[in-house]
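Readers should treat all values here as calculations from the given coordinates under stated rules, not as data from a laboratory. Model, not experiment: these values are computed from the prediction. Don't worry about glycine lacking a Cβ; one is built from the backbone with ideal geometry, like all the others, and counts go over all protein chains shown.
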Amino acid sequence: MKIISRGCQLGWLLVTGCLLCGGASAAPASVPPVSYGVEADTFHPVKEQHGMVSSVDALATRVGVDILKQGGNAVDAAVAVGFALAVTHPQAGNLGGGGFMLLRTAAGRTTTIDFREMAPAGASRDMFLDKQGNADSKLSLTSHLASGTPGTVAGFALAVQKYGTLPLARLLEPAIRLARDGFVINDALANDLKTYGKEVLLSHPASKAIFFKADGTPYQKGERLVQKNLARSLQLIAEQGAAAFYQGKIADEIAAEMAAHGGLISKADLTAYRAVERQPVSGTYHGYELFSMPPPSSGGIHIVQILNILENFDLAKMGFGSADAIQVMAEAEKYAYADRSEYLGDPDFVKVPWQALTSKAYAKSLAQQIDLQQARPSSAIKPGNLAPYESNQTTHFSVVDQRGNAVAVTYTLNTNFGSGIVAGNSGILMNNQMDDFSAKPGTPNVYGLVGGDANAIQPAKRPLSSMSPTIVVKEGKAWLVTGSPGGSRIITTVLQMVVNSIDFGMNVAEATNAPRFHHQWLPDQLRVEKGFSPDTLRLLESRGQHVQVEAAMGSTQSIMIAPDGTLYGASDPRSPGALTAGY
Ligand code: GLY
């Protein structure tokens, strides 16, 4: 057992049920009434009656709203948005990556679709170690070895087949048009092409030919980006279904690209890929039910675990942005991320102690360790190496239809533009999700996350994720649909959406706009956005937190549903170009 300094260790809990932990009784919470937004509020949600889409890109949001207006359900609209983002938001939208869908039907059934990438058959535990045995992040991030077998097309096809109402080809039409006829580049894409694009795309001729002009400069804001090859690939999927991607011409392109450049994904890997329907992680918080993504994402388990710990404190009374509330939340986050490094991995390969990690008894034992006045140094929980953060671009979108079906999707290429490699003439950018495996125990990945055996590389295994599409249910009905990009910060960003809405009574726009903070145990730093009072930050420092002011965290795209069915939505102002709209 590696985790130390705990009154009730998880291993012991598994055996004993932690009967002796007792002690901290749940604090009586002064949870305020729900706020949907009143005139006097500072931030106002978008308000609609019938259907709503919230995504990082205005063009993609409009595609989803059109599908809803034409009678498609939330799954149809979500899939159309996902395909559109693969064209208009190439930083993260994708066909060559993977992700997760969480959906709750109007009838009250909640399920998930796991379309996370899988390690190719030729992958091996030490494939990213150099001759000295050190992890080489260039290999796991920017080489042909960086890509896992993509899952997006299989995931979308499965979602539509099981829960959609319109043909897949119909849902691909808007994306085909956007790729074939082009679209006008917005500020966000222009900026990302200038910075990250130059780093990862320019050195690959097929990628350069798409995103850069003949003079070698990236396309700018206001210019039209046409992606003819991507349009052809989308058209093939419309005509032949997912088989075009996994067995047909697109599979040939991907396998040939990999074979020519030392990559591993073969035609057999693509043929063998399966999206999987999985039972969601669920928990309760102050009378609400919460559903989120199970392993191979760590998101759901740790959001529930942290909320269970927080239920032992009266956050509402402490107040948003108070040193007390931040201290409690940061300490709870440390415990969760320490457990993540030890226990979480692909459930098809490792036994994840899911029930124990999300049990109220275990959370109570952790709550008892939390000292409001003195932070526990991360080194007292478990030692590890530090790594700097890098920006990342996952993306999330939320959809609710007029029947009351709700869908939350988070998917990604991993970092901005993934590996930067476009597969042959397919126009499809490939992911660099292999970096989400633990290349070497204790060595941090691009997000500074460490892991061990549970997340070691194995053929056909899915790398551990933090993506957390989440639906909170109130009195049996979907109430908050949310999620975010942000790598390791996804979990704490979604957590803050939930806590801001429930404990601090914020409307969905206020909850989105509120400044965020994050602690992931290692490195031992409390990262905060601008906007917290200097007095609060000084108090936190005096209580042992190592405060660091950081750039924006996350980009939530959320919808809140009032009991009368009115929809309230908010796109994150941290992402210029995002749009929440409906009808
Ligand atoms: N690639 C980031 C994540 O899945 O958490």
For segment 417-558, Kirkwood radius (reciprocal of mean inverse C-alpha pair distance, Å): 17.4
Between segment 161-185 and segment 408-463, the alpha-carbon center distance in angstrom: 26
Nearest-ten-degree value, helix 168-181 long axis tilted from longest Cα axis of the chain: 70
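When ranked by the protection proxy of mean other Cβ atoms within 10 Å per residue, highest first, what sequence do the peptides 163-171, 78-86 form?
Details: 163-171: 19.1, 78-86: 30.7.
Ranked by mean Cβ neighbours within 10 Å, highest first: 78-86, 163-171.
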Label-reachable residues, segment 315-339, where backbone N falls under 17 Å from a point 7 Å from ASP535's Cα toward its Cβ: 318-327
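Quick check on my link table: of LYS208/LYS267; LYS198/LYS228; LYS334/LYS474; LYS69/LYS477; LYS360/LYS461; LYS138/LYS198, which ones sit more than 19 Å apart, alpha carbon to alpha carbon?
On the way: LYS208/LYS267 25 Å; LYS198/LYS228 21 Å; LYS334/LYS474 28 Å; LYS69/LYS477 22 Å; LYS360/LYS461 30 Å; LYS138/LYS198 16 Å.
In this structure, LYS208/LYS267; LYS198/LYS228; LYS334/LYS474; LYS69/LYS477; LYS360/LYS461 exceed 19 Å between Cα atoms.
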Cα coordinate range in segment 37-185, projected on the principal axes (Å, largest first): 61, 40, 39
Computed magnitude of the charge dipole of segment 472-583 (debye, nearest 20; Cβ of K, R +1, Cβ of D, E -1): 140
Long-range amide H partners of HIS50 with built H, under 5 Å: TYR583
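Give me Rg over Rh for segment 465-535, both radii from the alpha carbons and Rh done the Kirkwood way, two decimal places. Please list the in-between numbers first.
On the way: Rg = 13.1 Å, Rh = 13.2 Å.
That ratio equals 1.00.
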Stokes-Einstein diffusion coefficient of segment 393-455, Kirkwood radius over Cα pairs, 4 °C, 1.567 mPa s, in µm²/s: 92
Mean Cβ neighbour count within 10 Å, used as a protection proxy, ranking 467-476, 211-220, 252-261 highest first: 467-476, 252-261, 211-220
Residues with amide H under 5 Å from that of ALA375, placed H, sequence gap 5 or more: GLY544, GLN545
Test item: Cα-centred dipole of the chain, Lys/Arg +1 and Asp/Glu -1 on Cβ, debye: 600
Ellipsoid semi-axes in whole angstrom, largest first, where each is sqrt(5λ) of the Cα gyration tensor of segment 163-259: 27, 18, 10
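Under the rule of -39500 (n - 2.57) per DSSP H run of 4 or more residues, summed and divided by the residues of the chain, what mean residue ellipticity at 222 nm is obtained, to the nearest 500 deg cm²/dmol?
Numbers: 20 runs with 191 residues, N = 583.
About -9500 deg cm²/dmol.
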Local electrostatic count, PRO515, Cβ distance below 14 Å [Lys/Arg +1, Asp/Glu -1]: +1
Over segment 513-583, relative contact order from alpha-carbon pairs under 8 Å, at least 6 apart, %: 23
Calculated from backbone phi, Karplus (6.51, -1.76, 1.60) coupling profile of segment 560-566 in Hz, x at Gly/Pro: 10, 10, 6, x, 7, x, 5
Under-5 Å amide H pairs with SER266, H placed in peptide plane, nonlocal only: ALA121
Residue exposure sequence - THR111, THR61, THR142 - by fewest surrounding Cβ within 10 Å: THR111, THR142, THR61
Cα-based helix-to-principal-axis angle, 490-502 vs the chain, degrees rounded to 10: 60
³J(HN,Hα), Karplus 6.51/-1.76/1.60, whole Hz, each residue of segment 235-251, x for Gly, Pro: 5, 4, 5, 4, 7, 10, x, 4, 4, 4, 7, 9, 10, x, 4, 5, 4
Positive-end residue of TYR219, ALA188, ALA209, charge dipole of segment 172-219 with Cβ unit charges: ALA209
Calculated SAXS-style log₁₀ I(q)/I(0) at q = 0.19 Å⁻¹ - segment 411-488, Debye, Cα scatterers: -0.89
For the chain, the spread of Cα positions along each principal axis, largest first, Å: 63, 61, 42
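Placing unit charges on C-beta atoms (Lys and Arg positive, Asp and Glu negative, everything else neutral), compute the dipole magnitude of segment 254-366 about its Cα centre in debye, rounded to 20. Numbers along the way, then the final one.
Values: 9 positive and 13 negative charges, 33 e Å.
Using only the charged Cβ atoms, the result is roughly 160 debye.
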Karplus (6.51, -1.76, 1.60) ³J(HN,Hα), θ = phi - 60°, over segment 526-538, in Hz, Gly and Pro reported as x: 9, 8, 10, 6, 4, x, 8, 5, x, 5, 4, 5, 5
